[in-house]
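One structure below.
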Amino acid sequence: MLESLGLYIKNKRIKKGYGLLEFANNLGISGAYLSTLEGGKHPKVNPLLLKKIALFLELDYLILYKIVGYSDITMKEIENYYPMEEKNIDELVRLGTSLNEKELELVLKYINFIKNNK
């Protein structure tokens, strides 16, 4: 679950154009803490920090709460609020958490290939 949260936050942060240190400074945490959070290595995440992350990433904090188990709202209820593009990105994040490093590297190369050949 925490790996999913970390990957989700990292992908959203990058999509918004925030660097790791810039985002950490905005949140009032260290870059090291954010890095370990994005790496799924924090056993417990402060719910207030999740709300702050959601605010900066322009997300509904309930999505982050659901990922870590702080909310019993169903993903279906959350999905009804977001357009298809967001659903596709979220599905990619979920699928990506089951890949090993080499598989993930291949997926990223393929995505870059598609982007460069539009």
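The values are calculated or read from the model by the stated rules, or taken from the named source; none is laboratory data. Keep in mind it's a predicted model, so treat the numbers as computed, not measured. Using ideal geometry, Cβ is built from the backbone for each residue, glycine included, and neighbour counts are taken over all protein chains shown.
Of the helices (runs of 4 or more DSSP H) that lie entirely inside segment 59-118, those containing 1 or more residues that are surrounded by fewer than 13 Cβ atoms within 10 Å (Cβ to Cβ), of a type in the set (K, R) and at pLDDT 75 or above span 101-116. Remark: pairs (first residue in segment 53-68, aromatic (F, W, Y); second residue modelled with pLDDT of 85 or more and surrounded by fewer than 20 Cβ atoms within 10 Å (Cβ to Cβ); Cβ separation under 8 Å; 6+ apart in sequence or on different chains) = F56/K16; F56/Y18; F56/N26; F56/L27; Y61/K51; Y61/A54; Y61/L55; Y65/P47.
Per the conditions (1) within 25 Å of L108 (Cβ to Cβ); (2) modelled with pLDDT of 90 or more, the sole criterion not satisfied by G28 is (1).
Inspection of segment 48-57 finds no residue satisfying the criterion of being at pLDDT below 90 and basic (K, R). Counting only residues that are without any contact (Cβ under 8 Å) to a residue 24 or more places away in the chain, more than 10 Å from G6 (Cα to Cα) and surrounded by 15 or more Cβ atoms within 10 Å (Cβ to Cβ), segment 34-50 holds 2 of them.
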